[in-house]
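J.: My questions will all concern the structure given below.
The values are calculated or read from the model by the stated rules, or taken from the named source; none is laboratory data. Only a predicted model underlies this, so the values are computations on that prediction, with no experimental measurement involved. Methodologically, a virtual Cβ is constructed for each residue, glycine included, from the backbone with ideal geometry; neighbour enumeration extends over all protein chains shown. The area values use the complete protein model at the heavy-atom level, side chains included, leaving out ligands, DNA and RNA. Shrake-Rupley method; radii C 1.70, N 1.55, O 1.52, S 1.80 Å.
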Amino acid sequence: MQVPLSHVCIHSITTKPWNIEQCVHHYSREGFGGISVWRNTLENRNIQDTGKMIRDHGLEITSLVRGGFFPSVSLEKRQKSIDDNRKAIDEAAALGAPLIVLVCGADPGQSLEMSRGQIKDSIEALIPYALASNVKLAIEPLHPVYAGDRSAINTMKQANDMALDLDSPVVGVAVDVYHVWWDPDLEYEIKRCGNINKLFAYHICDWKTGLSDVLNDRGLMGEGCINIKQITEWVRKTGFSGMEEIEIFSNLYWSMDQNEYLNKIKSSYLNLYK
Ligand code: ZN
């Protein structure tokens with residue numbers, strides 16, 4: 001079950017205090033094989049040169065994070081979000097990232113159904129641009145605790161259904177254990193996602209009980225209650241052969257020495273599948 005570290009990727013947000021050059025230097029030095037680049041790290045950088053710098057360090061660019069945030073009660077804001085997502089597609093193409101992770105969004109001023117409709121329409125509007133740029137879009141269902149304002153797509157079933165409805169080879173699903181581990185239909189929906197060829201990305205971290213912050217208190221693998229091993233098995237069974245992506249937001253870990261933290265990440269990953 002254990003894949004070599006060369007098949008493991010880290011999201012740059014995981015070591016938020018580091019700039020992109022530091023992330024790349026340290027991830028590659030520790031033997032990780034990939035990086036998912038958060039857009040904030042590209043500010044004031046030449047994006048093509050940054051892509052080359054990453055590849056020159058032997059790292060694969062797994063994805064650009066993140067696009068989405070489509071729904072709004074304001075038509076103007078919805079249009080702005082489409083424009084921003086087009087810009088994200090340009091950035092991914094320049095960087096050499098094959099995929100953008102979509103945090104789809106929700107507006108508390110309207111129903112979830114309304115938000116879902118707007119998400120679908122917005123992704124549909126982006127498909128020709130994504131196809132022309134050869135960049136894939138992965139719908140990431142978010143835990144229902146975020147349904148108020150971060151995502152109206154909260155289950156794998158919803159993500160699978162939407163990806164199927166949109167019916168484009170560039171639209172698929174990102175499975176993040178943090179968001180979907182609780183779902184009684186998870187095994188079935190992961191299998192289904194594989195059967196419809198929509199499983200584009202796989203993110204891991206852990207859910208600590210007694211969270212101090214639902215957004216920024218994620219745990220290292222093995223620190224919480226998610227059966228990551230089991231979920232990984234379901235994901236692998238579909239034939240998914242992509243990177244395992246470590247993505248942790250944590251005020252606690254961001255406040256410590258990032259080199260020490262990276263060592264913790266490495267050992268928690270290596271212990272996971274023992
Ligand atoms: Zn994720």
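J.: Among the residues that make up the stretch 21-30, is at least one of them part of a loop (DSSP other than H, G, I, E, B), in contact with a Gly (Cβ under 7 Å, 6 or more places away or on another chain) and under 23 Å from Lys264 (Cα atoms)? Steps first, answer last, please.
T.: As a first pass, look at the stretch 21-30 and keep what is part of a loop (DSSP other than H, G, I, E, B): 30.
Subsequent filtering for residues that are in contact with a Gly (Cβ under 7 Å, 6 or more places away or on another chain) retains none.
There is no residue in the stretch 21-30 that is part of a loop (DSSP other than H, G, I, E, B), in contact with a Gly (Cβ under 7 Å, 6 or more places away or on another chain) and under 23 Å from Lys264 (Cα atoms).
J.: Still on this structure: Somewhere in the stretch 96-109, is a residue under 19 Å from the mean Cα position of the chain (by Cα), under 24 Å from Ser250 (Cα atoms) and of a type outside the set (A, V, I, L, M, F, W, C)?
T.: For the stretch 96-109, residues under 19 Å from the mean Cα position of the chain (by Cα), under 24 Å from Ser250 (Cα atoms) and of a type outside the set (A, V, I, L, M, F, W, C): present.
J.: Shifting gears a bit: Which of the residues spanning the stretch 62-86 are in contact with a Gly (Cβ under 6 Å, 6 or more places away or on another chain), part of a strand (DSSP E or B) and open to solvent by 10 Å² or more (accessible area, probe 1.4 Å)? It would help to see each step written out before you state the result.
T.: Looking only at the stretch 62-86, we keep the residues that are in contact with a Gly (Cβ under 6 Å, 6 or more places away or on another chain), and these are 62, 68-71, 73, 85.
Among the residues that remain, those that are also part of a strand (DSSP E or B) are: 62, 68.
Across the stretch 62-86, the qualifying residue is only Thr62.
J.: While we're on this one: Looking at the stretch 31-43, is at least one residue assigned to a helix (DSSP H, G or I), surrounded by 17 or more Cβ atoms within 10 Å (Cβ to Cβ) and more than 19 Å from the chain's Cα centre (by Cα)?
T.: no
J.: Could you list all residues from the stretch 231-260 that are more than 16 Å from the ligand (Cβ to nearest atom), more than 16 Å from Asn195 (Cα to Cα) and part of a loop (DSSP other than H, G, I, E, B)?
T.: Within the stretch 231-260, Ser255, Met256, Asp257 qualify.
J.: Any residue in the stretch 203-212 that is within 15 Å of the ligand (Cβ to nearest atom), within 17 Å of the chain's Cα centre (by Cα) and outside any strand (DSSP E or B)? Quick ask: steps written out before the conclusion?
T.: Here is the first cut: in the stretch 203-212, the ones within 15 Å of the ligand (Cβ to nearest atom) are 203-207.
From what's left, within 17 Å of the chain's Cα centre (by Cα): 203-207.
In the following step, the residues that additionally are outside any strand (DSSP E or B) were identified as 205, 207.
Within the stretch 203-212, one or more residues are within 15 Å of the ligand (Cβ to nearest atom), within 17 Å of the chain's Cα centre (by Cα) and outside any strand (DSSP E or B).
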